[in-house]
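Trainee: After the structure tokens below, expect a handful of questions from me.
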Amino acid sequence: MVRMPNWIGDAVMATPALAAIRATFSEARVTVVANPLVAELFTFHPDCDQVIRFDKKNSHSGVAGFWRFCCELRRERFDLAILLQNAFEAAAMALLTGIPSRAGYRTDGRGMLLTHGVPAVDKKHGLHHVDYYLQMLSGLGIEGGDDRLSLALSAEEEKGASVLLGTGPWIAVNPGASYGAAKRWIPERFAAVADSLAAEFGVQIVLTGGPGETEIGRDIEQAMQRTPLNLIGRTSVRELMAILNHCRLVVTNDSGPMHIAAAFGVPIVAVFGPTDHTTTSPRTDNCLIVRVPVDCAPCLLRECPIDHRCMTGITADMVLAAARELWERAR
Ligand code: SF4
């Protein structure tokens, strides 16, 4: 049983670790346990055989829901739990499920619950999240083959995106970031970049994002001269994956969709503000990061307590220059 992290971006960055687990335990049946959104990433994924949803907000909420989930999981009779999520709860789940071997970082006061605890390392500075997960496995003697991200789509899903988008080529603009407002660049500047790219490259623009980001999508739509296809809040995670895979370029904040695009090898212009580009950059060569060095970054805050200079200092021209460079490279 592999307990996945709770954020989409983190889970995508954990896919090289999942590949290493699959390669090491090649005879084993690998089950991913994840929250409902993250679970969607792993449908059809070649490195797992089964996905089980842990819906803490609904059907598994509260102590009774958690206990019920552990009882359901117990029926699977897992031999080993590998916890890529760091919470105490993940280790408690593995223990209450009766899994005899429980491995993960010794974080959140859960060392006593693990049979194979790996000393915690500082996730914040310098160590990329992909390597953070691989390093934990390395502490268990599980070595990864490579550090490439991987996600998979079915032929039907690819066809669905192709039918939905129709004639392209398409550039995706992904202006949200579910972690918090501090990670979001200014919507009017996304709009200016989108208009310029549409005019220069003769592309269509699709706006992507989650249900909590519809207002940002509306703002961008209103600010644009051209009419984009606004799919913000209108797609499942699987549909979003297929749409991003279909695009020729993605312009985005540091977000889950950014990592999904990286997994599909789509060129990415990534705007970074309060987060650490050395630890959560898209794991791909096909990416340019746009940022301004400010003294307070990376603060990793959800809301900016001052004037949001890490984002307001990034101009539309800076993002456009990066997009042009990637576009030329792809040609
Ligand atoms: S404190 Fe600094 S790095 Fe953090 S969001 Fe505000 S401007 Fe950006």
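Trainee: Using r as the Cβ-Cβ distance of residue 28 and residue 278, and R0 as 35 Å, what FRET efficiency do you calculate, to the nearest 0.05? Could the numbers behind the result be given before it?
Mentor: Details: r = 34 Å, r/R0 = 0.96.
Once the sixth-power term is evaluated, E becomes 0.55.
Trainee: So which aspartates and glutamates pass the test for residue 183, namely a Cα distance under 15 Å, with those fewer than 8 places away in the same chain ruled out?
Mentor: Reachable aspartates and glutamates: 213, 254, 276, 303, 307.
Trainee: Pick out the long, greasy-scoring helices in the chain: whole DSSP H runs spanning 20 Å or more along their own axis by Cα, mean Kyte-Doolittle at least -0.5. Before the final figure, lay out each step's value.
Mentor: Numbers: long enough: 187-201 (21 Å, 0.35); 316-330 (21 Å, 0.15).
Helix filter hits for the chain: 187-201, 316-330.
Trainee: Using 7 Å Cα-to-Cβ label points, what is the residue 225/residue 67 separation (nm, one decimal)?
Mentor: 6.4 nm
Trainee: Rank these for me by crowding, 63, 269, going from fewest to most other beta carbons within 10 Å.
Mentor: Working: 63 7, 269 27.
Ranking 63, 269 by Cβ neighbours within 10 Å, fewest first, gives 63, 269.
Trainee: So, counting K/R as plus one and D/E as minus one, what does the shell of residues with Cβ under 15 Å around residue 29 add up to?
Mentor: Working: positive: 22, 75, 77; negative: 27, 47, 49, 76, 79.
Net charge around residue 29: -2.
Trainee: If you count, for each residue, the other Cβ atoms within 10 Å and average over each peptide, how do 112-119, 307-314, 88-95 line up from highest to lowest? Display every interim value, and only then the final one.
Mentor: Working: 112-119: 16.0, 307-314: 17.8, 88-95: 21.1.
Ranked by mean Cβ neighbours within 10 Å, highest first: 88-95, 307-314, 112-119.
Trainee: Could you give the distance between the Cα centres of segment 231-286 and segment 72-115, to the whole Å?
Mentor: Segment 231-286 and segment 72-115 have Cα centres separated by 31 Å.
Trainee: Any idea how far apart residue 143 and residue 328 come out in nm if each label point goes 7 Å out from Cα toward Cβ?
Mentor: Rounded to a tenth, the inter-label distance reads 4.2 nm.
Trainee: What is segment 155-330's relative contact order, in percent, from Cα pairs under 8 angstrom and six or more apart in sequence? Could you put the intermediate results ahead of the total?
Mentor: Values: 330 pairs, mean separation 43.7, N = 176.
In percent, rounded to a whole number, it is 25.
Trainee: Another one. Helix-only estimate, please: 222 nm mean residue ellipticity of the chain, summing -39500 (n - 2.57) across DSSP H runs of length 4 or more and dividing by its residues, to the nearest 500. Each step should come with its number before you reach the end.
Mentor: Values: 14 runs with 132 residues, N = 331.
When only DSSP H runs of four or more count, the value is -11500 deg cm²/dmol.
Trainee: Would you give the gap between the C-alpha center of segment 196-210 and the C-alpha center of segment 21-45, rounded to a whole Å?
Mentor: After rounding, the separation between the Cα centres reads 34 Å.
Trainee: Quick one: net charge around residue 223, please, counting Lys, Arg +1 and Asp, Glu -1 for every other residue with C-beta under 12 Å from its C-beta. Mind dumping the intermediate values first?
Mentor: Numbers: positive: 189, 218, 226; negative: 188, 195, 219, 221.
Combined, the nearby Lys, Arg, Asp and Glu give -1.
Trainee: Using a Förster distance of 56 angstrom, determine the FRET efficiency expected from the C-beta separation of residue 88 and residue 199, and round it to 0.05.
Mentor: On the way: r = 52 Å, r/R0 = 0.93.
Step by step, r from the Cβ atoms, then E = 0.60.
Trainee: Relative contact order of the chain, please, whole-number percent, based on alpha carbon pairs below 8 angstrom and at least 6 residues apart. Before the final figure, lay out the partial values.
Mentor: Details: 647 pairs, mean separation 54.3, N = 331.
Relative contact order for the chain comes out at 16 percent.
Trainee: Now for a different question. I need the Kirkwood Rh of the chain: take the reciprocal of the average 1/r across all distinct C-alpha pairs and report it in angstrom. Walk me through the numbers on the way to the answer.
Mentor: Working: mean 1/r = 0.0484 Å⁻¹.
Its Kirkwood hydrodynamic radius stands at 20.6 Å.
Trainee: Counting other beta carbons within 10 Å of each residue's own, what order do 227, 284 fall into, fewest first?
Mentor: Values: 227 10, 284 19.
Neighbour counts put them in this order, fewest first: 227, 284.
No lab work stands behind these numbers, since they all come straight from the coordinates. These numbers were taken from a predicted model, which means no experiment stands behind them. Cβ coordinates were reconstructed from backbone atoms using ideal geometry, including for glycine residues, and neighbour counts include every protein chain displayed.
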